[in-house]
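Visitor: Take this structure first; my questions come after.
The values are calculated or read from the model by the stated rules, or taken from the named source; none is laboratory data. Just so we're clear, the structure is a prediction, and the values are computed from it rather than from any experiment. Cβ sites come from the backbone with ideal geometry, for glycine too, and all protein chains shown count toward neighbours. Surface areas here come from the heavy atoms of the whole protein model, side chains and all, with no ligands, DNA or RNA. Shrake-Rupley method; radii C 1.70, N 1.55, O 1.52, S 1.80 Å.
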Amino acid sequence: RNTSEVQVAQEVLCEFLGSGNTLISGSKLRILDASWEPPVETKYTGNLRVYERPIPGHTYAMCCDCATGQGGDAQAFQVIDVTEFPFKQVAAFADNRLYYMQYPTVILNVANWYNEAFVLIEINDVGQAVSYIMQVEIGYDNLIKIKPKGKQGQHISGGFQKMTQYGLKHNTATKRIGCNALKALIETDRLIIKDFKTIEEFKTFVENTDSFAADEGSPNAHDDLVMALVGFGWLSDQQFFKDSIGNNVRANLAAQMKEIEDEDFIPFGFVDNGLDHTPESALDMIERNPSNPWLTGQ
């Protein structure tokens, strides 16, 4: 096969996957497949791929998926810059050999590097132990706390109420919310994905009964990186998160509008056509009037 035939085959494959039951549409998968970037650096023997180093003053969210780390499912997390729209994937981590007792140390190091990122941990199964180590043994301050509210589902909590849990317990409802929010973010370009391995997982992340999961019929299909993003999708749908980020976006828009206004109202000066038909020039009048706002900047 020549290069053009391979490209056509890849496009047809993406369209086929997305037109059926993948979470992300085929047309968007094709765009993602052509827009991934190489990492600017890697850490942890290549398992952490960094696409943008931490920027002072920026806010980061880190969503973690947990596993036993015995060669099957991987420990995985995604780091997202949530300072402003569009959100950006700045780092991705996956390691299926990392023991879950060692995982909190990696989370801590990367979270501290990214300006003490806000960390959301999936606490199904061994995730409970990972969360406990982060909360009790390490004492990381920026763990996102969740309050279960029965039929109302799970919501972000300040951590001062009874029954507060230090992480998100995935169920059908949280996965549905997370998947829907994630789909909307990516397909409307409000979340920029750069990681090739994450994009590869999206190609086989398909509808499964009443939820989504890695396609069991695809060899070597995994969904650990995508599930970390599903956690971020759920987080982005929380009112507390939307209000916080919304304030940042509104502040940024206000600053931009202020710059535009300043440019629009810069004094345009005076045009001299050579005809001095006034007793004195306008410039002389301004110079003798020290209270003029154009001179005082008021």
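Visitor: Touching a strand residue (DSSP E or B) at 6+ places or on another chain (Cβ under 9 Å), part of a loop (DSSP other than H, G, I, E, B), farther than 29 Å from residue 147 by Cα and basic (Lys, Arg): is that true of residue 53 in this structure? Step through it out loud before you land on a result.
Guide: Working: touching a strand residue (DSSP E or B) at 6+ places or on another chain (Cβ under 9 Å): yes; part of a loop (DSSP other than H, G, I, E, B): yes; farther than 29 Å from residue 147 by Cα: yes; basic (Lys, Arg): yes.
For residue 53, the condition - touching a strand residue (DSSP E or B) at 6+ places or on another chain (Cβ under 9 Å), part of a loop (DSSP other than H, G, I, E, B), farther than 29 Å from residue 147 by Cα and basic (Lys, Arg) - is met.
Visitor: Looking at region 184-221, which of its residues are open to solvent by 70 Å² or more (accessible area, probe 1.4 Å), under 25 Å from residue 48 (Cα atoms) and not in a helix (DSSP H, G or I)?
Guide: 189, 190, 219, 220
Visitor: So, one more: Consider residue 256 carefully, then state whether it is modelled with pLDDT under 95 and either open to solvent by less than 70 Å² (accessible area, probe 1.4 Å) or within 13 Å of the chain's Cα centre (by Cα) (or both). Outline the logic, then answer.
Guide: Details: modelled with pLDDT under 95: yes; either open to solvent by less than 70 Å² (accessible area, probe 1.4 Å) or within 13 Å of the chain's Cα centre (by Cα) (or both): no.
Spelling it out, it is not the case that residue 256 is modelled with pLDDT under 95 and either open to solvent by less than 70 Å² (accessible area, probe 1.4 Å) or within 13 Å of the chain's Cα centre (by Cα) (or both).
Visitor: With the checklist (1) β-branched (Val, Ile, Thr); (2) more than 22 Å from residue 92 (Cα to Cα); (3) not in a strand (DSSP E or B) in hand, flag the one item residue 107 doesn't pass.
Guide: Unmet condition: (2).
Visitor: From the list 125, 33, pick out the single residue that is outside any helix (DSSP H, G or I), over 17 Å from the mean Cα position of the chain (by Cα), of a type in the set (D, E, K, R) and surrounded by fewer than 23 Cβ atoms within 10 Å (Cβ to Cβ).
Guide: Values: 33 fails: outside any helix (DSSP H, G or I).
Among 125, 33, only 125 is outside any helix (DSSP H, G or I), over 17 Å from the mean Cα position of the chain (by Cα), of a type in the set (D, E, K, R) and surrounded by fewer than 23 Cβ atoms within 10 Å (Cβ to Cβ).
Visitor: Find the residue count for region 61-93, including only residues that are hydrophobic (A, V, I, L, M, F, W, C) and either on the phi > 0 side of the Ramachandran plot or assigned to a loop (DSSP other than H, G, I, E, B) (or both).
Guide: Within region 61-93, the subset hydrophobic (A, V, I, L, M, F, W, C) is 61-64, 66-67, 74, 76-77, 79-80, 82, 85, 87, 90-93.
Right, trim to either on the phi > 0 side of the Ramachandran plot or assigned to a loop (DSSP other than H, G, I, E, B) (or both) and you get 66-67, 74, 82, 85.
Residues that pass the stated criteria total 5.
Visitor: Could you identify the single residue in 166, 103, 140 that is aromatic (Phe, Trp, Tyr), touching a residue at least 12 places away in the same chain (Cβ under 8 Å) and open to solvent by 40 Å² or more (accessible area, probe 1.4 Å)? Lay out the reasoning, then the answer.
Guide: On the way: 103 fails: open to solvent by 40 Å² or more (accessible area, probe 1.4 Å); 140 fails: open to solvent by 40 Å² or more (accessible area, probe 1.4 Å).
Only one candidate passes the filter, namely 166.
Visitor: Looking at region 110-127, can you tell me whether even one residue there is in contact with a Cys (Cβ under 6 Å, 6 or more places away or on another chain), of a type outside the set (A, V, I, L, M), under 27 Å from residue 174 (Cα atoms) and touching a residue at least 40 places away in the same chain (Cβ under 8 Å)?
Guide: Going through region 110-127, the residues in contact with a Cys (Cβ under 6 Å, 6 or more places away or on another chain) turn out to be 120-122, 126-127.
Applying the additional criterion that residues be of a type outside the set (A, V, I, L, M) yields 122, 127.
Remaining after also requiring under 27 Å from residue 174 (Cα atoms): 122, 127.
Next cut, touching a residue at least 40 places away in the same chain (Cβ under 8 Å) only: 122, 127.
Checked region 110-127: at least one residue is in contact with a Cys (Cβ under 6 Å, 6 or more places away or on another chain), of a type outside the set (A, V, I, L, M), under 27 Å from residue 174 (Cα atoms) and touching a residue at least 40 places away in the same chain (Cβ under 8 Å).
Visitor: Can you tell me which of 86, 38 is more than 17 Å from residue 105 (Cα to Cα), at pLDDT below 95, under 19 Å from the mean Cα position of the chain (by Cα) and of a type outside the set (Phe, Trp, Tyr)? Can you show your working first?
Guide: Details: 38 fails: at pLDDT below 95.
Result of the check over 86, 38: 86.
Visitor: Quick one: in region 128-147, of everything that is in a loop (DSSP other than H, G, I, E, B) and not polar (S, T, N, Q), which residue is farthest from the chain's Cα centre (by Cα)? Step through it out loud before you land on a result.
Guide: Step one: filter region 128-147 for residues in a loop (DSSP other than H, G, I, E, B), giving 139-142, 144.
Add one more test, that the residue is not polar (S, T, N, Q), and what stays is 139-141, 144.
On the way: 139: 24, 140: 21, 141: 20, 144: 15 Å.
Selected residue: 139.
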